[in-house]
Amino acid sequence: MSLVSTSESVRADYFQRSARARQWSRFFAYLLFIILTIVALYPLIWVATNSFKTDLQLFEHSWSLPKEWHWENYARAWKFGIAKYILNSVIVTVIAVLINIAISMMAAFALARYQFRGRNLLLYFILGGLMLAPEVSLIPLFRILTTLKIYDTYLAMILPNVAFGLPFTTFLIRSYMLGLPRDYEEAAVIDGASPLGVFWHVIVPLCRPILASAMLLDAMRVWNEFMFALTFIVSDNLKTMPLGLMSFAGALREQWTVVMAGIIISAIPMIVLYLLTQKQFIRGLAAGGIKG
Amino acid sequence: MTISRLLSDRRLTPYLFLLPAILVMATFVYLPIIENFYYSLFRWSSIDPRFTFVGLNNYQRILNDPIIAVSLRNNVLYAVISVFFQVFIALVLAAILEGRVIRPRWGSFFRNMLFLPSVLAITVVGITWQLIYRPDTGLLNQFLEGVGLGFLKRTWLGDEGTAIYSVIAVSQWQWVGYVMILFIVAIQAIPEELYESARIDGANLVSQFIHITVPLVRETTLVMTTITVIGAFKVFDIVWVMTAGGPNHASEVLGNYLYRVAFRNDEMGYAAAIASLLFVITFLLTFVQLRLGRSGEEV
Amino acid sequence: MNRKFWALISLLLVAALLLAACGQQPSGGGSAATGPVTIRFFHKWPEPEHMEFYNFVIQEYEKTHPNVKIVMESVADEPYKDKIRVLMASGEVPDIYFSWAGEFSWKFARGGQALDLTDAVMNSDWKDKIILSAVEPYKWQGKIYGVPMRINAKFMVYNKAMFEQYGLQPPTTWDEFLAVCETLKQNGVTPIAFGDEFPWAASHYIGDFNAKLVDPAVRQADYLLTAPAEQLFTDPGYVEALSRFQLLMDKGYFNEGPNGISHSGARSSFIAGKAGMMYIELEEFVTVADGMGADAFGFFQFPSGTGGKGDQKLLTGAPDGFMVYSKTKHPQEAIDFLKFLTSPEMGKEYVKRLGIPSAAVGAVSTETALPIVVAGVESINTASGMALWLDTDINIKIVEVYLPGMQAVLNGTKTPQQVISEVQEAAKTVQQELKNQ
């Protein structure tokens, strides 16, 4: 990926002018970023290396590499239910993200392409959710979910996650739509397409790039969501990974190396997803400019 | 068939497209906020769900509750430190990475690596750092000992003086790389000619940063500042996972205290009042941001 | 955007929907009598070994009761305190749920969430099969609301090799105890391993000090909030309790930074031979025995209260048991399963598998348990009574002031007197609130 476009001639010219100062600043810049990279990565690497030890070895030398590799820590962590938690996370994330994207698409379409009474009000109504702390809604939400009889089900995580993700995805998609040319839509309308037809056959295909980005960002948010899962889920069979990892650590108490193995297993899906889809991630960030 | 006629009425089309979003937002975001205010006027608990009307008593209690004061102080600390690292430092790092000193390929590598912590789940991060902060076997104290700084060793999460800072530090570790990428995106939007002409005028990197980069990413800076500050008041999960507000409420923040009061102290009504306080704070911050944003446009 | 991405997304969607469809539990328990009966059972032992035991019990029970299905959930000790409240608030209360004894269980009775089990226990052979003294703390206003599953008490364990090396004997008075600590410290050994990340650990110390330093009748009146408002928690014994606790910290008899270490973390370091003593529960003996060998450690009763006005023969500890939801749709089946779970047969199985004393009559013997565990149970039997866990024996709103205060005393940020003043204030407020209800 090349986000950076450089003009080689300028660069060459610049190099010549202050070559020595350049050498030094380059040295310090690299040094700084190498240190920062170590700070960013080493905690996980430390957990990873220790996850192969026995608890006693962890107590004795947590710096060193394991002498023999205790893969059984991973087997135990897996057997204890990490797999189940990850599966639940996949279910909740995929469904919540898709519902959210569908609703956001429609809302963004209306807000970006129609003139109607109350448009600004509704825009603020939806975007206002960006600023609200979910904690404020926690206790009433809890009672609403109970009344709807969906407490302690997947839906108890999916619906609040959709509601609190919707403002951002709507904002993201709407911004993108505002930048799209109207030619295709106008052509489709002349051909007699209904609003739904325009939406489905013109807008959705044009929005694919931003949809991918929005999905990834939203997936990351839902995947990592903690408070709703903590409050609205009791059954171990329904717990998502962030919560499951916590009960896992609680239940295993002092078996730290197994807990560490669980941490690593839990961290891998998102790391892999990110490394595979950096481009969509960064485009989404660039378009949204907002953090979760 | 009135329904199909309604559906075919073009004036209604945008509303129909918006309907699901409005319903979801109304049910799961706005209705709860209103209900919350109502609940805050009563005394009730999860175990004994009889509602006793107490008027504004719960709000009165907020004013006299020392733990609310500690929580607010911690939220403010969270905000100030986060703005420094996640806005200022992240901007400087972004400028260095985009400043031609580091080769693009390495720049992209560093960027990705620094971003990585932000994709991790809060429990992964929290438990990892709990292990790192452990006084005996933890990485941090061993490191300090190893480099001859043994006198700095602390019970990081167990000491009332260091607990909240230790938690805040983890947030910085997790989010600086994320914000840095946002700034990189903003810097890339700055026309290259501006830097070229500055260089021809003999401006060094620092003065390029102050005179070109900083003013031109002003909008991103403003947005990031607001979001970071509001985020600092919303914080719940990392505190809950790492210290649960302890020891002796030293690392309590509003979100955490609210949860504790509701589901540990059996005081749902009081928790609802704390939630209202949180709502008012975020609302005011948003309002301030909108005003600042507007004045920014005028300049 | 390439096709693969979208193919992946659709695949994920289909998979997720399928999984969600089969993963969804039959919620509630179905409509009344005709179908199979579902009993929801909720406890605080998600540890793999414990879960195996409960799964075994459920299997055994379902074998003989094909019409009953037991659905079990569990969360760990600390989160259980929130989760059970969340469940109460949701109205999705499990038919059978764990509760600590004392105030923790009484508040469920007060709130109308617990079924009166007096008749079921006293008018059947059940009363002969459980240790009745362990039922006492589950009584509220003379009625039985909970049935004990196991008994538990707190003891000081010590590293035998270390005691031998430094010529130490298990102490029987507070001064002897301090002397032991001092010797260990002089020899470069951490005298007491202590993890107070979650302050219930400190509350076990303070509970023990209180029981032995404060007159039992006075303490009772304070804990139950029956004393006159101005007298609540004014006995000097409460301050003395915190001062003795503070002394252990200030003298360096605890490891450094107990507030930053979990109880189990501290136990690991005791097992690893990094500390001379530790204040642990009888149920933990088996963990320690697994870690360092059953002969490597001994235990004694914590001589915390020498010179105090309390009862020196009290032990700190409590039974752990279960309550039945007052509005359960299937009280008969729930009670029947609970009876099965607490029966001597299952109790023996419990002791054998987990090494933890059951509250069923005759379950603990040298055949089923380690000698040191049997000795612990004997100590419980010869004790003059139990001082319940402080953190579950007094009102939660006082606990929320008291326990953080103990952490503050450890950190040196509050004096014992300050903490007790705050406790007095909290107690007055709560007493007033309870009167208003």
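The values are calculated or read from the model by the stated rules, or taken from the named source; none is laboratory data. Keep in mind that what you see is a predicted model, and the values were worked out from it rather than measured. Heads up, the Cβs are rebuilt from the backbone with ideal geometry, glycines too, and the neighbour counts pull from every protein chain shown.
Give me a count of the residues in the range C:113-161 that are farther than 24 Å from C:GLU284 by Cα and β-branched (Val, Ile, Thr).
Here the count works out to 3.
Which one of A:VAL204, A:VAL198, A:VAL259 is buried (at least 22 other Cβ atoms within 10 Å of the Cβ) and assigned by TED's automatic domain parsing to the domain that holds A:ILE139?
On inspection, the qualifying residue turns out to be A:VAL259.
Out of the range A:215-245, which residues are within 12 Å of chain C (Cβ to nearest Cβ) and more than 21 Å from A:ALA133 (Cβ to Cβ)?
A:MET215, A:LEU216, A:ALA219, A:VAL234, A:SER235, A:ASP236, A:ASN237, A:LEU238, A:LYS239, A:GLY244
Just name the residue that is nearest to C:GLU49 (Cα to Cα) out of those in the range C:353-373 that are in a loop (DSSP other than H, G, I, E, B) and among the hydrophobic types (A, V, I, L, M, F, W, C).
Across the range C:353-373, the extreme among qualifying residues is C:ILE356.
Collect the residues in the range C:145-183 that are within 30 Å of C:LYS327 (Cα to Cα) and assigned to a strand (DSSP E or B), keeping them in residue-number order.
Listed by number, the residues that qualify are C:GLY146, C:VAL147, C:PRO148, C:MET149, C:ARG150.
Against the condition without any contact (Cβ under 8 Å) to a residue 40 or more places away in the chain and part of a helix (DSSP H, G or I), how does C:GLN220 come out, does it pass?
Taking the combined requirement at face value, the residue satisfies it.
Out of curiosity, is A:TRP78 outside the structural domain of A:TYR154 (by TED's automatic domain parsing), among the aromatic types (Phe, Trp, Tyr) and surrounded by fewer than 21 Cβ atoms within 10 Å (Cβ to Cβ)?
Here the answer is no, as A:TRP78 does not meet what is asked.
Looking at the structure I just gave you, is A:ALA112 more than 7 Å from every other protein chain (Cβ to nearest Cβ), surrounded by 23 or more Cβ atoms within 10 Å (Cβ to Cβ) and in contact (Cβ under 8 Å) with a residue 24 or more places away in the chain?
In short, no.
For the range C:101-140, what are the residues that are assigned to a helix (DSSP H, G or I), touching a Phe, Trp or Tyr at 6+ places or on another chain (Cβ under 8 Å) and either surrounded by 24 or more Cβ atoms within 10 Å (Cβ to Cβ) or within 14 Å of chain B (Cβ to nearest Cβ) (or both)?
Across the range C:101-140, the qualifying residues are C:GLU103, C:SER105, C:TRP106, C:PHE108, C:ALA109, C:ARG110, C:TYR138.
In the list A:SER62, A:SER89, which residue meets the criterion of being polar (S, T, N, Q), under 30 Å from A:PRO167 (Cβ atoms) and within 14 Å of chain C (Cβ to nearest Cβ)?
A:SER89
Considering only residues that are under 22 Å from A:ALA251 (Cβ atoms) and surrounded by 21 or more Cβ atoms within 10 Å (Cβ to Cβ), which ones fall in the range C:82-100?
Of everything in the range C:82-100, those that are under 22 Å from A:ALA251 (Cβ atoms) and surrounded by 21 or more Cβ atoms within 10 Å (Cβ to Cβ) turn out to be C:LYS83, C:ILE84, C:ARG85, C:VAL86, C:LEU87, C:PRO94, C:ILE96, C:TYR97, C:PHE98, C:SER99, C:TRP100.
Looking at the range B:42-56, I want the residues that are on the phi < 0 side of the Ramachandran plot and in contact (Cβ under 8 Å) with a residue 12 or more places away in the chain and have a partner that is in a loop (DSSP other than H, G, I, E, B) and of a type in the set (Gly, Ala, Ser) with Cβ atoms under 6 Å, at least 6 apart or on another chain. Which pairs are those?
B:ILE47/C:GLY111; B:ASP48/C:GLY111
From the set of residues in the range C:398-432 that are of a type in the set (D, E, K, R) and facing another protein chain (nearest Cβ under 8 Å), which is surrounded by the most Cβ atoms within 10 Å (Cβ to Cβ)?
Residue satisfying both the conditions and the ranking: C:LYS414.
Scan the range A:229-259 for residues that are touching a residue at least 40 places away in the same chain (Cβ under 8 Å), under 22 Å from the mean Cα position of the chain (by Cα) and over 11 Å from A:ILE82 (Cα atoms) and report the count.
5
For every residue, the table says whether it meets (1) of a type outside the set (Val, Ile, Thr); (2) free of Cβ contacts under 8 Å to residues at least 60 places away in the same chain; (3) within 11 Å of chain B (Cβ to nearest Cβ); (4) at positive phi.
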{"position": "A:MET131", "(1), (2), (3), (4)": "yes, yes, yes, no"}
{"position": "A:VAL136", "(1), (2), (3), (4)": "no, yes, yes, no"}
{"position": "A:ASN161", "(1), (2), (3), (4)": "yes, no, yes, no"}
{"position": "A:THR169", "(1), (2), (3), (4)": "no, no, yes, no"}
{"position": "A:GLU185", "(1), (2), (3), (4)": "yes, no, no, no"}
{"position": "A:PRO205", "(1), (2), (3), (4)": "yes, yes, no, no"}
{"position": "A:LEU211", "(1), (2), (3), (4)": "yes, no, no, no"}
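Give the range C:44-100 a look and list any residue that's within 14 Å of chain A (Cβ to nearest Cβ), part of a loop (DSSP other than H, G, I, E, B) and at negative phi, or say none.
Answer for the range C:44-100, where residues must be within 14 Å of chain A (Cβ to nearest Cβ), part of a loop (DSSP other than H, G, I, E, B) and at negative phi: C:LYS44, C:TRP45, C:PRO46, C:GLU47, C:VAL75, C:ALA76, C:GLU92, C:VAL93, C:PRO94, C:ASP95.
Could you check the range B:138-207 for helices (runs of 4 or more DSSP H) lying wholly inside it with 2 or more residues that are of a type in the set (Asp, Glu)?
B:192-200
Which pairs do you get when a residue that is more than 7 Å from chain B (Cβ to nearest Cβ) and over 23 Å from B:PHE115 (Cα atoms), found in the range A:19-40, comes within reach of a residue that is in a helix (DSSP H, G or I) and of a type in the set (A, V, I, L, M, F, W, C), reach meaning Cβ atoms under 7 angstrom, with the pair 6+ apart or on two chains?
A:ARG22/A:PHE15
Residue-by-condition table, conditions (1) β-branched (Val, Ile, Thr); (2) modelled with pLDDT under 90; (3) crowded, with 23+ Cβ neighbours inside 10 Å; (4) in the same structural domain as C:GLN407 (by TED's automatic domain parsing):
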site: C:MET278; (1), (2), (3), (4): no, no, yes, yes
site: C:LEU282; (1), (2), (3), (4): no, no, yes, yes
site: C:GLY291; (1), (2), (3), (4): no, yes, no, yes
site: C:ALA296; (1), (2), (3), (4): no, no, no, yes
site: C:PHE300; (1), (2), (3), (4): no, no, no, yes
site: C:PRO303; (1), (2), (3), (4): no, no, no, yes
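Select from the range B:184-208 the residues that are under 29 Å from A:PHE281 (Cβ atoms), more than 10 Å from chain A (Cβ to nearest Cβ) and not hydrophobic (A, V, I, L, M, F, W, C) and list them in ascending order.
Once the filter is applied, which keeps residues that are under 29 Å from A:PHE281 (Cβ atoms), more than 10 Å from chain A (Cβ to nearest Cβ) and not hydrophobic (A, V, I, L, M, F, W, C), the range B:184-208 yields B:PRO191, B:GLN208.
Evaluate the following for C:LEU224: is it under 26 Å from C:MET323 (Cα atoms) and outside the structural domain of C:ILE96 (by TED's automatic domain parsing)?
So C:LEU224 passes the test.
Looking only at helices (runs of 4 or more DSSP H) that lie completely in the range C:224-293, which have at least 1 residues being farther than 20 Å from C:GLY310 by Cα and within 13 Å of chain B (Cβ to nearest Cβ)?
By residue number, C:236-250, C:263-271.
Return the pair list, or none, for Cβ contacts closer than 9 Å from residues in the range B:264-292 that are in contact (Cβ under 8 Å) with a residue 24 or more places away in the chain and more than 9 Å from every other protein chain (Cβ to nearest Cβ) to residues that are charged (D, E, K, R) and surrounded by 18 or more Cβ atoms within 10 Å (Cβ to Cβ), at least 6 apart or on different chains.
That search, which allows pairs on different chains as well, returns B:GLY269/B:ARG43; B:TYR270/B:ARG43.
Considering (1) surrounded by fewer than 17 Cβ atoms within 10 Å (Cβ to Cβ); (2) among the hydroxyl-bearing types (Ser, Thr, Tyr); (3) closer than 24 Å to B:PHE37 by Cα, say which one A:THR146 fails and leave the rest.
(1)
Per-residue answers, yes or no, for (1) under 26 Å from B:MET113 (Cα atoms); (2) away from chain C (no Cβ under 13 Å):
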{"residue": "B:ARG134", "(1), (2)": "yes, no"}
{"residue": "B:LEU140", "(1), (2)": "yes, no"}
{"residue": "B:GLY148", "(1), (2)": "no, yes"}
{"residue": "B:LEU152", "(1), (2)": "no, yes"}
{"residue": "B:THR155", "(1), (2)": "no, no"}
{"residue": "B:ALA163", "(1), (2)": "no, no"}
{"residue": "B:SER166", "(1), (2)": "yes, no"}
{"residue": "B:VAL170", "(1), (2)": "yes, yes"}
{"residue": "B:TRP173", "(1), (2)": "yes, yes"}
